[in-house]
1. Considering each of E145, E117 in turn, give the residue that is within 30 Å of D193 (Cα to Cα) and modelled with pLDDT under 90.
2. Restricting to helices (runs of 4 or more DSSP H) lying wholly in the stretch 118-203: which have 2 or more residues that are surrounded by 12 or more Cβ atoms within 10 Å (Cβ to Cβ) and among the β-branched types (V, I, T)?
3. Out of A66, A49, I need the residue that is without any contact (Cβ under 8 Å) to a residue 24 or more places away in the chain, under 27 Å from the mean Cα position of the chain (by Cα) and in a helix (DSSP H, G or I). Which one?
4. Would you please list the contacts, defined by Cβ atoms under 6 Å and residues six or more apart or on different chains, that run from a residue in the stretch 17-36 that is within 13 Å of the ligand (Cβ to nearest atom) to a residue that is part of a helix (DSSP H, G or I)?
5. Restricting to the stretch 2-13, give me the number of residues that are within 12 Å of the ligand (Cβ to nearest atom) and under 18 Å from the mean Cα position of the chain (by Cα).
6. Among the residues of the stretch 152-174, which ones are within 19 Å of the chain's Cα centre (by Cα) and either of a type in the set (S, T, Y) or over 22 Å from E57 (Cα atoms) (or both)?
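The values are calculated or read from the model by the stated rules, or taken from the named source; none is laboratory data. Just so it is clear, the structure is predicted and the values come from calculations on it, not from any experiment. Here Cβ is always computed from backbone atoms with ideal geometry, including for glycine, and neighbour counts include all displayed protein chains.
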Amino acid sequence: MRLILLGPPGAGKGTQAQRLVEKYNIVQLSTGDMLRAAVAAGTPVGVRARDIMARGELVPDDVVVAIVADRIMQPDARNGFILDGFPRTVPQAEALDRMLHEKKLDLDAVIELRVDEGILLDRVQRRIAETLARGEPVRADDNPESLKKRLDAYRAQTAPLVHFYERQGRLKVADGMAAIDEVTSAVGRILADTMFRSVPPAKSRPGGGTSTLAKSEKKTRSASRTKAKKARSPGATRSKKAKTGSGAAGKAGSRRPKSTAKRAVKGASKRAAKARSVVRGKRRKSRK
Ligand code: AMP
(Lines give C-alpha, C1' and ligand atoms only; values in the text may rest on other atoms or scores of the structure.)
Protein backbone atom coordinates (compact mmCIF):
# COMPACT_ATOMS: atom_id res chain seq x y z
CA MET A 1 0.00 0.00 0.00
CA ARG A 2 1.32 3.42 -0.95
CA LEU A 3 -0.40 6.51 0.27
CA ILE A 4 -0.04 10.19 0.95
CA LEU A 5 -1.34 11.97 4.02
CA LEU A 6 -2.05 15.55 3.15
CA GLY A 7 -2.81 18.38 5.56
CA PRO A 8 -1.43 21.53 7.18
CA PRO A 9 1.03 21.48 10.08
CA GLY A 10 -0.81 20.32 13.19
CA ALA A 11 -3.45 18.33 11.28
CA GLY A 12 -2.31 15.09 12.93
CA LYS A 13 -0.58 13.47 9.94
CA GLY A 14 2.27 12.11 12.06
CA THR A 15 -0.02 10.43 14.61
CA GLN A 16 -2.18 8.83 11.95
CA ALA A 17 0.87 7.73 9.98
CA GLN A 18 2.29 5.96 13.06
CA ARG A 19 -0.95 4.07 13.56
CA LEU A 20 -1.01 2.97 9.93
CA VAL A 21 2.58 1.80 10.19
CA GLU A 22 1.63 -0.57 13.00
CA LYS A 23 -1.58 -1.72 11.38
CA TYR A 24 -0.30 -2.42 7.88
CA ASN A 25 3.38 -3.15 8.39
CA ILE A 26 4.52 -0.35 6.11
CA VAL A 27 6.97 2.50 6.65
CA GLN A 28 6.33 6.14 7.38
CA LEU A 29 8.37 8.47 5.22
CA SER A 30 8.32 11.89 6.81
CA THR A 31 10.42 14.38 4.88
CA GLY A 32 10.37 16.68 7.93
CA ASP A 33 11.93 13.89 10.06
CA MET A 34 14.46 13.06 7.36
CA LEU A 35 15.47 16.70 7.01
CA ARG A 36 15.74 17.14 10.78
CA ALA A 37 17.97 14.05 10.91
CA ALA A 38 20.12 15.55 8.15
CA VAL A 39 20.35 18.84 10.07
CA ALA A 40 21.31 17.00 13.27
CA ALA A 41 23.94 14.95 11.42
CA GLY A 42 25.32 18.06 9.72
CA THR A 43 25.19 16.50 6.23
CA PRO A 44 25.43 18.84 3.19
CA VAL A 45 21.63 18.57 2.78
CA GLY A 46 21.19 19.36 6.48
CA VAL A 47 23.44 22.40 6.29
CA ARG A 48 21.48 23.64 3.27
CA ALA A 49 18.10 23.02 4.90
CA ARG A 50 18.70 24.15 8.49
CA ASP A 51 17.97 27.90 8.24
CA ILE A 52 15.21 27.46 5.69
CA MET A 53 13.41 25.07 8.03
CA ALA A 54 13.88 27.28 11.09
CA ARG A 55 12.22 30.12 9.18
CA GLY A 56 9.25 27.88 8.34
CA GLU A 57 9.89 28.00 4.60
CA LEU A 58 10.04 25.09 2.21
CA VAL A 59 13.31 23.39 1.33
CA PRO A 60 13.94 23.44 -2.48
CA ASP A 61 12.05 20.79 -4.45
CA ASP A 62 15.16 19.14 -5.94
CA VAL A 63 16.60 18.45 -2.46
CA VAL A 64 13.44 16.82 -1.13
CA VAL A 65 12.68 14.89 -4.31
CA ALA A 66 16.20 13.39 -4.26
CA ILE A 67 15.76 12.31 -0.63
CA VAL A 68 12.40 10.65 -1.34
CA ALA A 69 13.56 8.97 -4.57
CA ASP A 70 16.38 7.35 -2.63
CA ARG A 71 14.23 6.44 0.37
CA ILE A 72 11.39 4.67 -1.44
CA MET A 73 13.89 2.29 -3.00
CA GLN A 74 15.09 0.98 0.36
CA PRO A 75 14.08 -2.65 1.09
CA ASP A 76 11.88 -1.70 4.06
CA ALA A 77 9.67 0.41 1.77
CA ARG A 78 8.93 -2.50 -0.56
CA ASN A 79 5.80 -3.52 1.30
CA GLY A 80 4.43 0.02 1.11
CA PHE A 81 4.84 3.48 2.58
CA ILE A 82 3.02 6.50 3.88
CA LEU A 83 4.32 9.81 2.70
CA ASP A 84 3.90 12.35 5.47
CA GLY A 85 4.88 15.91 4.55
CA PHE A 86 5.63 15.05 0.93
CA PRO A 87 4.74 16.16 -1.69
CA ARG A 88 4.32 19.75 -0.62
CA THR A 89 4.30 21.46 -4.00
CA VAL A 90 2.86 20.61 -7.41
CA PRO A 91 6.36 20.09 -8.91
CA GLN A 92 7.09 17.62 -6.08
CA ALA A 93 3.83 15.78 -6.82
CA GLU A 94 4.71 15.62 -10.52
CA ALA A 95 8.19 14.35 -9.67
CA LEU A 96 6.64 11.69 -7.43
CA ASP A 97 4.30 10.58 -10.22
CA ARG A 98 7.28 10.27 -12.55
CA MET A 99 9.42 8.29 -10.11
CA LEU A 100 6.60 5.90 -9.26
CA HIS A 101 5.78 5.47 -12.95
CA GLU A 102 9.42 4.65 -13.75
CA LYS A 103 9.40 2.01 -11.04
CA LYS A 104 6.02 0.69 -12.23
CA LEU A 105 4.46 1.57 -8.90
CA ASP A 106 1.27 3.46 -8.18
CA LEU A 107 -0.37 5.36 -5.34
CA ASP A 108 -3.33 3.69 -3.69
CA ALA A 109 -4.75 6.78 -2.03
CA VAL A 110 -4.21 10.39 -1.09
CA ILE A 111 -5.97 11.23 2.15
CA GLU A 112 -6.44 14.83 3.15
CA LEU A 113 -6.90 15.46 6.87
CA ARG A 114 -9.13 18.50 6.63
CA VAL A 115 -9.01 20.92 9.55
CA ASP A 116 -10.06 24.47 10.37
CA GLU A 117 -6.98 26.64 10.47
CA GLY A 118 -8.20 28.34 13.65
CA ILE A 119 -7.33 25.35 15.81
CA LEU A 120 -3.84 24.75 14.42
CA LEU A 121 -2.11 27.40 16.49
CA ASP A 122 -3.74 25.96 19.65
CA ARG A 123 -2.68 22.41 18.68
CA VAL A 124 0.93 23.38 18.02
CA GLN A 125 1.10 25.37 21.26
CA ARG A 126 -0.22 22.33 23.12
CA ARG A 127 2.40 20.17 21.40
CA ILE A 128 5.15 22.59 22.51
CA ALA A 129 3.89 22.50 26.13
CA GLU A 130 3.73 18.67 26.12
CA THR A 131 7.22 18.38 24.63
CA LEU A 132 8.63 20.73 27.28
CA ALA A 133 6.78 18.84 30.03
CA ARG A 134 8.50 15.63 28.87
CA GLY A 135 11.83 17.44 29.14
CA GLU A 136 12.45 17.07 25.38
CA PRO A 137 13.83 19.77 23.08
CA VAL A 138 11.27 21.76 21.11
CA ARG A 139 11.55 21.85 17.31
CA ALA A 140 13.21 25.02 16.01
CA ASP A 141 10.15 25.75 13.88
CA ASP A 142 7.58 25.06 16.63
CA ASN A 143 6.92 28.65 17.54
CA PRO A 144 4.08 31.02 16.61
CA GLU A 145 6.07 32.98 14.00
CA SER A 146 7.39 29.93 12.15
CA LEU A 147 4.00 28.28 12.39
CA LYS A 148 2.40 31.31 10.72
CA LYS A 149 4.98 31.03 7.94
CA ARG A 150 4.40 27.28 7.62
CA LEU A 151 0.67 27.86 7.32
CA ASP A 152 1.26 30.56 4.68
CA ALA A 153 3.49 28.11 2.80
CA TYR A 154 0.81 25.42 3.09
CA ARG A 155 -1.91 27.70 1.73
CA ALA A 156 0.19 28.98 -1.15
CA GLN A 157 2.20 25.90 -2.16
CA THR A 158 0.62 22.76 -0.73
CA ALA A 159 -3.14 23.40 -0.81
CA PRO A 160 -3.15 23.29 -4.66
CA LEU A 161 -2.32 19.58 -4.32
CA VAL A 162 -5.89 19.01 -3.16
CA HIS A 163 -7.07 19.91 -6.66
CA PHE A 164 -4.13 18.13 -8.27
CA TYR A 165 -5.13 14.81 -6.68
CA GLU A 166 -8.84 15.54 -7.02
CA ARG A 167 -8.33 15.79 -10.78
CA GLN A 168 -6.50 12.45 -10.69
CA GLY A 169 -9.52 10.97 -8.89
CA ARG A 170 -7.34 9.92 -5.96
CA LEU A 171 -8.30 12.38 -3.25
CA LYS A 172 -10.18 11.17 -0.16
CA VAL A 173 -11.02 13.45 2.73
CA ALA A 174 -11.11 12.62 6.44
CA ASP A 175 -12.39 15.06 9.05
CA GLY A 176 -9.22 16.02 10.89
CA MET A 177 -11.24 17.97 13.47
CA ALA A 178 -12.61 14.76 14.98
CA ALA A 179 -11.00 12.99 17.95
CA ILE A 180 -7.77 11.13 17.10
CA ASP A 181 -9.38 7.66 17.30
CA GLU A 182 -12.26 8.74 15.11
CA VAL A 183 -9.86 10.07 12.51
CA THR A 184 -8.04 6.71 12.63
CA SER A 185 -11.33 4.88 12.03
CA ALA A 186 -12.23 7.21 9.15
CA VAL A 187 -8.81 6.67 7.55
CA GLY A 188 -9.19 2.90 8.01
CA ARG A 189 -12.58 2.95 6.30
CA ILE A 190 -11.23 4.99 3.39
CA LEU A 191 -8.34 2.58 2.92
CA ALA A 192 -10.49 -0.53 3.17
CA ASP A 193 -12.87 0.90 0.61
CA THR A 194 -10.14 2.13 -1.74
CA MET A 195 -8.14 -1.09 -1.62
CA PHE A 196 -11.20 -3.30 -1.98
CA ARG A 197 -12.29 -1.46 -5.12
CA SER A 198 -8.93 -1.04 -6.82
CA VAL A 199 -6.75 -3.98 -5.87
CA PRO A 200 -6.54 -6.77 -8.44
CA PRO A 201 -6.34 -10.38 -7.16
CA ALA A 202 -3.25 -10.76 -4.96
CA LYS A 203 -1.54 -13.12 -7.45
CA SER A 204 -1.38 -10.52 -10.21
CA ARG A 205 0.06 -7.81 -7.98
CA PRO A 206 3.84 -7.28 -7.69
CA GLY A 207 4.74 -8.72 -4.29
CA GLY A 208 1.03 -9.48 -3.90
CA GLY A 209 -0.44 -11.28 -0.97
CA THR A 210 2.31 -10.34 1.44
CA SER A 211 0.81 -7.41 3.29
CA THR A 212 -1.59 -7.71 6.19
CA LEU A 213 -4.11 -5.70 4.24
CA ALA A 214 -3.85 -7.99 1.23
CA LYS A 215 -4.40 -11.03 3.45
CA SER A 216 -7.44 -9.57 5.16
CA GLU A 217 -8.86 -8.50 1.79
CA LYS A 218 -8.42 -12.04 0.53
CA LYS A 219 -10.26 -13.45 3.55
CA THR A 220 -13.14 -10.98 3.20
CA ARG A 221 -13.43 -11.69 -0.51
CA SER A 222 -13.44 -15.44 -0.15
CA ALA A 223 -15.97 -15.25 2.71
CA SER A 224 -18.32 -13.15 0.61
CA ARG A 225 -17.84 -15.44 -2.41
CA THR A 226 -18.82 -18.48 -0.33
CA LYS A 227 -21.81 -16.58 1.04
CA ALA A 228 -22.90 -15.55 -2.44
CA LYS A 229 -22.51 -19.13 -3.73
CA LYS A 230 -24.68 -20.50 -0.93
CA ALA A 231 -27.30 -17.84 -1.55
CA ARG A 232 -27.36 -18.68 -5.29
CA SER A 233 -27.69 -22.44 -4.85
CA PRO A 234 -29.68 -23.67 -1.88
CA GLY A 235 -28.81 -27.19 -3.06
CA ALA A 236 -25.17 -26.54 -2.12
CA THR A 237 -25.66 -28.69 0.97
CA ARG A 238 -27.21 -31.65 -0.86
CA SER A 239 -25.75 -35.13 -0.61
CA LYS A 240 -22.71 -36.38 -2.53
CA LYS A 241 -24.99 -38.81 -4.40
CA ALA A 242 -27.14 -36.02 -5.73
CA LYS A 243 -24.04 -34.01 -6.69
CA THR A 244 -22.53 -36.84 -8.75
CA GLY A 245 -25.82 -37.59 -10.45
CA SER A 246 -26.11 -41.15 -9.10
CA GLY A 247 -28.99 -40.39 -6.71
CA ALA A 248 -32.68 -39.98 -7.54
CA ALA A 249 -32.18 -36.36 -8.47
CA GLY A 250 -29.18 -37.36 -10.61
CA LYS A 251 -31.29 -39.90 -12.50
CA ALA A 252 -33.81 -37.18 -13.24
CA GLY A 253 -30.92 -35.41 -14.95
CA SER A 254 -31.62 -32.00 -13.51
CA ARG A 255 -28.90 -32.13 -10.84
CA ARG A 256 -26.08 -33.54 -12.92
CA PRO A 257 -22.85 -31.59 -12.70
CA LYS A 258 -22.03 -29.89 -15.98
CA SER A 259 -19.14 -32.18 -16.98
CA THR A 260 -21.19 -35.38 -16.37
CA ALA A 261 -24.13 -33.95 -18.31
CA LYS A 262 -21.81 -33.05 -21.21
CA ARG A 263 -20.40 -36.58 -21.28
CA ALA A 264 -23.95 -38.01 -21.28
CA VAL A 265 -24.97 -35.84 -24.27
CA LYS A 266 -21.80 -36.83 -26.16
CA GLY A 267 -22.47 -40.55 -25.48
CA ALA A 268 -26.11 -40.24 -26.59
CA SER A 269 -25.20 -38.59 -29.89
CA LYS A 270 -22.50 -41.24 -30.56
CA ARG A 271 -25.09 -44.00 -30.00
CA ALA A 272 -27.57 -42.22 -32.29
CA ALA A 273 -24.92 -41.89 -35.04
CA LYS A 274 -24.12 -45.61 -34.76
CA ALA A 275 -27.82 -46.53 -34.97
CA ARG A 276 -28.22 -44.33 -38.10
CA SER A 277 -25.26 -46.01 -39.84
CA VAL A 278 -26.66 -49.50 -39.01
CA VAL A 279 -30.02 -48.51 -40.54
CA ARG A 280 -28.25 -47.12 -43.65
CA GLY A 281 -26.29 -50.40 -43.96
CA LYS A 282 -29.48 -52.50 -43.72
CA ARG A 283 -31.20 -50.33 -46.41
CA ARG A 284 -28.20 -50.78 -48.76
CA LYS A 285 -28.32 -54.55 -48.24
CA SER A 286 -32.10 -54.77 -48.92
CA ARG A 287 -31.68 -52.70 -52.16
CA LYS A 288 -29.13 -55.23 -53.38
P1 AMP B 1 7.21 18.93 8.87
O2 AMP B 1 7.86 18.15 9.96
O3 AMP B 1 6.57 18.07 7.84
O4 AMP B 1 6.29 19.99 9.41
O5 AMP B 1 8.38 19.70 8.10
C6 AMP B 1 9.22 20.59 8.78
C7 AMP B 1 9.94 21.48 7.78
O8 AMP B 1 10.75 20.67 6.92
C9 AMP B 1 9.05 22.25 6.83
O10 AMP B 1 8.57 23.45 7.40
C11 AMP B 1 9.99 22.50 5.67
O12 AMP B 1 10.90 23.51 5.96
C13 AMP B 1 10.75 21.19 5.59
N14 AMP B 1 10.07 20.22 4.72
C15 AMP B 1 9.54 19.04 5.08
N16 AMP B 1 9.02 18.40 4.04
C17 AMP B 1 9.22 19.20 2.98
C18 AMP B 1 8.88 19.11 1.60
N19 AMP B 1 8.22 18.06 1.11
N20 AMP B 1 9.25 20.12 0.79
C21 AMP B 1 9.94 21.18 1.26
N22 AMP B 1 10.26 21.35 2.55
C23 AMP B 1 9.91 20.38 3.40
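1. On the way: E145 fails: within 30 Å of D193 (Cα to Cα).
From the options E145, E117, the qualifying one is E117.
2. Details: elements: 118-133, 144-153, 160-167, 180-198.
Ranges flagged: 118-133, 180-198.
3. On the way: A49 fails: under 27 Å from the mean Cα position of the chain (by Cα).
Selected residue: A66, the only one of A66, A49 that is without any contact (Cβ under 8 Å) to a residue 24 or more places away in the chain, under 27 Å from the mean Cα position of the chain (by Cα) and in a helix (DSSP H, G or I).
4. Correct list of pairs: Q28/A17; Q28/V21; L29/R71; T31/V64; M34/I67; L35/A49.
5. The total comes to 4.
6. Selection gives Y165, E166, R167, Q168, G169, R170, L171, K172, V173, A174.
This table checks each residue for (1) within 17 Å of G12 (Cα to Cα); (2) more than 9 Å from the ligand (Cβ to nearest atom); (3) at pLDDT 90 or above; (4) among the basic types (K, R).
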position: M53; (1), (2), (3), (4): no, no, yes, no
position: P75; (1), (2), (3), (4): no, yes, yes, no
position: T89; (1), (2), (3), (4): no, no, yes, no
position: A95; (1), (2), (3), (4): no, yes, yes, no
position: L121; (1), (2), (3), (4): yes, yes, no, no
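Residues checked against (1) surrounded by 15 or more Cβ atoms within 10 Å (Cβ to Cβ); (2) under 17 Å from A38 (Cα atoms); (3) in contact with a strand residue (DSSP E or B) (Cβ under 8 Å, 6 or more places away or on another chain):
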| site | (1), (2), (3) |
| --- | --- |
| V63 | yes, yes, no |
| I67 | yes, yes, no |
| D76 | no, no, yes |
| G80 | yes, no, yes |
| A93 | yes, no, no |
| R98 | no, no, no |
| K103 | no, no, no |
